[in-house]
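*Asks:* Before I ask anything, let me first share the structure, which is written out below as structure tokens.
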Amino acid sequence: MNSRMLLAAALCALGLTGCLPRHPGARLLLPEHGLLSGRASVVRHRADGTVLVNGVPFFPFGFYHVSWARGGAMQQRQEDVRRIGTAGFNLLVTEPINDQDVADYEAFLDTAQRSGVYVLTYGLGPATVQEVDHYPAVLGFQLADDSNALVTPAEVRRRHQTIKALAPDKLTYISLSVGYDRPEQQYFGLSDMVGNQSYPIGLDDIAVTYRVMRSAVQTSLSTGTVPLANLQTFAWKPGQPPPSSAELRNMTYQALMAGVKGVVYYAYRAREVDLNREPRLWDAARQLAREVALLSPALLNGARTELEGGNGTRPLVVQFRGPDGDTLLALNNSRSEWRDVKLSLPSAPHRLRSLVGRARTLRLNGQTVTGRLAPLEVVVYRLE
């Protein structure tokens, strides 16, 4: 956290202010990161899937940006990355628009650095990869999109080896398309990061996100891979609405509770969506950026325990136990029914302090937590 966030947390602990950083510049970055120091970023990852930038744990949280979509131009992406950084997001996954964009790509990377945004780029040739490798904003390079539908595992491995030879201090990334009937496990362990897609709004039950992300996290841990969630900000079909604010936060928290080590929404700008034209959805996303900034220490360094799995008529409840304290996250993955919470914690805290959602939703009596969650409701508490 930056100094303002630490001050806000301290005041919150004293009951003098709200528990969420409300200033627009709340970030998930630390001063040691290459973006803020101006030096090239050395990017690695731990065995538990956590990204390390210059040795510091980092939670990637951002968007795809299909910059050529909807008549997009280089100037449009410059404006968008500044807006994204100001809102507290720290990652953009993008690709060049044209040959001129490739030639001027350093200017975009400079703007991303000033905006506090790291970049994963798809489609750069070997010469350009070598030219931009030392730029502080470069987190790594995307190898393939919808990999399990479009590219063989052998080809993913080949591309990974090529990029690593050119940029050994950066990460490689692939995404996996939606669908249980496609091979997935064989695509883990070929790149540094894997983004698993969950786009249920208008297509599937929203509760599917947790199951998809738990599978991705478990496979990532067994293959030394960083698990990222690719989540939905678009409408599946013309005329359908995009995810509502409640749906966006429910999907996001399902992924966080599953143990992912980063989130990339599809998309800020693409053929299907432009968040410049979706103020309600953009406001919901900005609020999530503030909340993830607050929770990132637990997400990065906490030991995760599932207390309720969200199956049948049960809620989803997960605890993260970390050096900065314990955090309890609970949600209802039903759109229409309330869910009762009644569970025993591993140890007895003195109280629950509300961080996200309605403060009095859950109550504590010894080691027992009880309460009722409204449809799609999400709450987060600090155990003190």
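*Asks:* Along the positive direction of the dipole of the chain (beta-carbon charges: Lys, Arg +1; Asp, Glu -1; about the Cα centre), which of GLY312, TYR118, VAL81 reaches farthest?
*Replies:* GLY312
*Asks:* Continuing with the same structure: Specify which residue in the list THR327, HIS350, LEU288 is farthest towards the positive end of the charge dipole of the range 287-364, using unit charges on the beta carbon of Lys, Arg (+1) and Asp, Glu (-1), about the Cα centre.
*Replies:* HIS350
*Asks:* Still on this model: What do you get for chymotrypsin sites (Phe, Trp or Tyr not before Pro) in the range 134-217 restricted to DSSP loop and a cutoff of at most 16 other Cβ within 10 Å of the site's Cβ?
*Replies:* Answer by residue number: TYR180.
*Asks:* Would you mind telling me the share, in percent, of accessible area of the chain contributed by carbon and sulfur at probe 1.4 angstrom?
*Replies:* 51
*Asks:* Among the DSSP beta bridges whose two residues both lie in the chain, what percent are antiparallel, rounded to the nearest 5?
*Replies:* Of the beta bridges lying entirely in the chain, close to 55 percent run antiparallel.
*Asks:* Please give every one of the aspartates and glutamates within straight-line cross-link reach of LYS261, meaning a C-alpha to C-alpha distance under 17 Å, and leave out same-chain neighbours fewer than 8 residues apart.
*Replies:* Candidates past the 8-residue exclusion: ASP48, ASP192, GLU291, GLU306.
*Asks:* Next question. Of VAL341, VAL378, GLY55, which is farthest along the charge dipole of the chain in the positive direction, counting Lys and Arg as +1 and Asp and Glu as -1 at C-beta?
*Replies:* Toward the positive end, the furthest listed residue is VAL341.
*Asks:* Take every DSSP beta bridge whose two residues both sit in the range 216-329, then give the antiparallel share in percent to the nearest 5.
*Replies:* Counting only bridges with both partners in the range 216-329, antiparallel ones make up about 75 percent.
*Asks:* Under the rule of at least 5 residues apart or a separate chain, name every residue whose amide H is placed under 5 Å from the amide H of VAL263.
*Replies:* PHE61, GLY62, ALA229
*Asks:* Report, ordered by chain and residue number, the lysines lying within cross-link reach of LYS164, taken as a straight Cα distance under 20 Å and ignoring same-chain residues fewer than 8 apart.
*Replies:* none
*Asks:* If you don't mind, there's one more thing I want to ask. List the residues whose amide H sits under 5 Å from the amide H of THR233, counting only those 5 or more places along or on another chain, with H placed 1.01 Å from N in the peptide plane.
*Replies:* TYR266, ALA267
*Asks:* Related question: Read phi for every residue in the range 123-129 and hand back ³J(HN,Hα) as whole Hz from Karplus 6.51 cos²θ - 1.76 cosθ + 1.60, θ = phi - 60°, with x for Gly and Pro.
*Replies:* x, 8, x, x, 5, 5, 4
*Asks:* Once phi is turned into ³J(HN,Hα) by the Karplus curve 6.51 cos²θ - 1.76 cosθ + 1.60 with θ = phi - 60°, what whole-Hz value does each residue of the range 277-290 show in order, with x for glycine and proline?
*Replies:* Residue by residue, the range 277-290 yields 10, 10, x, 5, 5, 5, 4, 5, 5, 4, 5, 5, 4, 5 Hz.
*Asks:* Right, next: Would you please give the residues with an amide H less than 5 Å from that of VAL93, counting only those at least 5 places away or on a separate chain, with H modeled from the backbone geometry?
*Replies:* PHE63, TYR64, HIS65, LEU120
*Asks:* In whole angstrom, note down how far apart the Cα centers of the range 38-80 and the range 323-340 are.
*Replies:* Centre-to-centre distance over Cα atoms comes out at 29 Å.
*Asks:* Same structure again: What does the charge dipole of the chain about its Cα centre add up to, to the nearest 20 debye, if the Cβ of each Lys and Arg holds +1 and the Cβ of each Asp and Glu holds -1?
*Replies:* In debye, rounded to 20, the chain gives about 1220.
The values are calculated or read from the model by the stated rules, or taken from the named source; none is laboratory data. Every value quoted in this text rests on a predicted model; they were computed, and no experiment measured them. We place every Cβ from the backbone using ideal geometry, glycine too, and count neighbours over all the protein chains shown. Ligands, DNA and RNA are excluded from the accessible area calculation, which covers all protein heavy atoms including side chains. Shrake-Rupley method; radii C 1.70, N 1.55, O 1.52, S 1.80 Å.
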